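The values are calculated or read from the model by the stated rules, or taken from the named source; none is laboratory data. Being a predicted model, the structure only gives us computed values, none of them experimental. Cβ atoms come from the backbone with ideal geometry, glycine included; neighbour counts cover every protein chain shown.
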Amino acid sequence: MEVFRLTRSKFSNILSGKGAAEKGARWNSMGMELIYTAANRSLAMAEVAVHFTLGTLPTDYLMMTIKIPDDIKIKKISNSELPIDWNIFPHSISTQLMGNKFIRENKFLVFQVPSVVTKGDYNYLINPNHKDFSKIKITGLEDFPFDTRIFK
């Protein structure tokens, strides 16, 4: 399976959950490493674009293509397992607790979660501390200029 990650060029040579651990995010608390990826390029772009305005739009982003081996088992969450506040902004601690549990249990390398930004699409969260993490490879990097029409 291929997944995609939009990243600043200075962070494009490694896969690390350190950025997410610095501030925490929807599916992880501060101090918990997790790599956020998306099922497709447009979702990766949308997940990043919601954090910018035309005035704050960076110009140094790259689209990273990541290969997850097909034999890797993925933890999936059903809609019935989602907390009622899973998609609020700012995000709730309830989703962070779910992600933290995924990381601590360390049973799966990848956690499939629904996108808040694009209903019906999925993000794939990667645990960089899982024993199979070395099987994941960056297979492509491309310049990714944002289309400024999105921000008008």
Being under 19 Å from F111 (Cβ atoms) and touching a strand residue (DSSP E or B) at 6+ places or on another chain (Cβ under 8 Å) is the filter; apply it to the stretch 8-22 and report the residue that is surrounded by the most Cβ atoms within 10 Å (Cβ to Cβ).
A20
Would it be correct to say that I66 is of a type in the set (V, I, T), surrounded by 13 or more Cβ atoms within 10 Å (Cβ to Cβ) and part of a loop (DSSP other than H, G, I, E, B)?
no
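Here's the yes/no breakdown for (1) within 14 Å of the chain's Cα centre (by Cα); (2) surrounded by 16 or more Cβ atoms within 10 Å (Cβ to Cβ); (3) hydrophobic (A, V, I, L, M, F, W, C):
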site: G24; (1), (2), (3): yes, yes, no
site: L43; (1), (2), (3): yes, yes, yes
site: A46; (1), (2), (3): yes, yes, yes
site: T56; (1), (2), (3): no, no, no
Please go through the stretch 26-39 and give me each residue that is more than 11 Å from the chain's Cα centre (by Cα) and under 18 Å from V110 (Cβ atoms), ordered by number.
M32, E33
Among the numbered criteria (1) within 15 Å of the chain's Cα centre (by Cα); (2) in a loop (DSSP other than H, G, I, E, B); (3) surrounded by 11 or more Cβ atoms within 10 Å (Cβ to Cβ); (4) not hydrophobic (A, V, I, L, M, F, W, C), which single criterion is violated by H51?
(3)
Test for S94: is it farther than 15 Å from R5 by Cβ, in contact with a Phe, Trp or Tyr (Cβ under 9 Å, 6 or more places away or on another chain), surrounded by 13 or more Cβ atoms within 10 Å (Cβ to Cβ) and of a type in the set (S, T, N, Q):
yes
Tell me, which residue of the stretch 98-116 that is outside any helix (DSSP H, G or I), over 12 Å from the mean Cα position of the chain (by Cα) and of a type in the set (A, V, I, L, M, F, W, C) is nearest to H51 (Cα to Cα)?
L109
Determine, yes or no, whether I72 is in a loop (DSSP other than H, G, I, E, B), free of Cβ contacts under 8 Å to residues at least 40 places away in the same chain and either surrounded by 13 or more Cβ atoms within 10 Å (Cβ to Cβ) or among the charged types (D, E, K, R) (or both).
no
Number of positions in the stretch 119-152 that are assigned to a strand (DSSP E or B) and either at pLDDT 95 or above or under 18 Å from E47 (Cβ atoms) (or both):
11
Just one of (1) modelled with pLDDT under 90; (2) more than 27 Å from G140 (Cα to Cα) trips up E81, so point out which.
(1)
Against the definition (closer than 26 Å to F146 by Cα, touching a residue at least 12 places away in the same chain (Cβ under 8 Å) and not aliphatic (A, V, I, L, M)), how does S9 come out, yes or no?
yes
